[in-house]
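Written out below as structure tokens is the structure these notes cover.
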Amino acid sequence: SRRTVLRAAGLAAALGAGRAFAQRPVLIQFSHVVAEDTAKGQAALRFKELAQARSGGRVRVEVHPDSTLYKDREELEALRLGAVQMLAPSLSKLSALGVPEFEAFDLPYLFRDHAAFRAVTSGRIGAGLLRRLEPLGVEGLAYWDNGFKVFTANRALRSPDDVRGLKVRVQASRTLVEQMRLLGAEVSVSPLADVHEALRSGRLDGQENVPSNIDTQRLHEAQSHLAVTRHGYLAYAVIVNQAFWRGLDASLRALLLSALQDATAHANRIAEQLNAQALARIAASGRVQVVEPGPAEQARWRRAMLPLHAKAQAWIDPALIDAMQRAGA
Ligand code: LMR
């Protein structure tokens, strides 16, 4: 009868909807603020590829690079609200979430090399800092490497005195603000997405970043000089929205962690090389004069910025600074 047919159709629709619901993949929106052709950009894509393949379609990852979805501050807000599930902000920016201790990573001349940074993040200090995100509704899952920062400006940077009076951009970190103040700069905190235009229009005179960001954001095209100071370190924490993460099956979480572990290894493997290649490309572009400070000048840059280690004890636990100095040296 007609009624039976209708009932059957209704049942089929209900079953169909149920199946569609059960099969709908878990969506992970991963937002970040740099180009795909950087260590973070590549590692995010590797995570997507591995998570999707290993889960056999149970997970879908959408990566939104280069501030296409959110800029610096907005992405942190979006993660906490659950509008996105995953980010990899710089450690400098985690301070704004409410854990100023991450700013210890911003202290100048803290890490001798990449291995020293990894020793800190893969050990007790690294794990302890990630745990401090938990009460804030955020889970820290991994650290991703990038590398040493250099200075760029619209004037020659032969010594730290040349930074005096320049309008300089830093990331949102009190430690980075104070570092530039020590050099006598006028400091401006702004999202990476706005830096190129601010340099081009003259609202900013200079900035610090890793070569791969300078190259891919074309910051050097709005600058005349670059000094290879390697004074500070840029790296990331991969973080997820806690309610989302804890709501997943344990088996799915384990699978995602294994994908993340491999993506982390990828980031750490390529970071140093991508920066070396970017620096070579920047120098070859002829848009900016690249200067490698000699030992005497390098000592002057160090002398100018090192007082920050003592000063920062006013806002970062001195015991943590001490432990990081010992582990990083
Ligand atoms: C910056 O804002 O300069 C960096 O944190 C960008 C990034 O994510 O590498």
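Summary table below
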item	result
Rounded, prolate or oblate (a/c below 1.5 giving rounded, otherwise prolate when a/b exceeds b/c) for the chain by Cα gyration tensor	prolate
Point-to-point label distance, Arg303-Glu272, nm (Cα→Cβ direction, 7 Å offset)	3.0 nm
Of Tyr70, His309, Ala39, farthest towards positive along the dipole that unit charges on Lys, Arg, Asp, Glu beta carbons give the chain	Tyr70
Qualifying lysines (Cα of each under 18 Å from Cα of Lys71; at least 8 residues distant if same chain)	Lys40, Lys93
Proximal charge balance of Asp262 [Cβ under 14 Å; K/R count +1, D/E count -1]	+3
Surrounding net charge for Met305, when Lys and Arg each add one and Asp and Glu each subtract one, Cβ distance under 12 Å	+4
Separation of alpha-carbon centers, region 129-163 and region 256-329, rounded to whole Å	8 Å
Region 33-98 - charge dipole about Cα centre, Lys and Arg +1 at Cβ, Asp and Glu -1, debye rounded to 20	300 debye
Taking the C-alpha atoms of region 247-304, convex hull volume expressed per residue in Å³	181 Å³
Cα→Cβ-extended label distance, 7 Å offset, between Ala265 and Leu81, nm	3.8 nm
Relative contact order for the chain, counting Cα pairs under 8 Å that sit 6 or more residues apart, in percent	25 percent
Theoretical FRET efficiency, 1/(1+(r/R0)^6), r = Cβ-Cβ of Arg181 and Ala115, R0 35 Å, to 0.05	0.70
Charge dipole (debye, nearest 20) of region 89-167; +1 at Cβ of Lys and Arg, -1 at Cβ of Asp and Glu	220 debye
Listed residue (Ile321, Ala278, Leu260) projecting farthest to the positive dipole end of region 257-322, Cβ model	Ala278
Only Lys, Arg (+1) and Asp, Glu (-1) charged, at Cβ; the chain dipole about Cα centre in debye	940 debye
Calculated FRET efficiency for the pair Ser251/Ser224, C-beta based, R₀ 45 Å, to 0.05	0.25
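The numbers here are math on the coordinates, done by the rules we state, and not lab data. Quick caveat, the model's predicted, so the values are computed rather than measured. Using ideal geometry, Cβ is built from the backbone for each residue, glycine included, and neighbour counts are taken over all protein chains shown.
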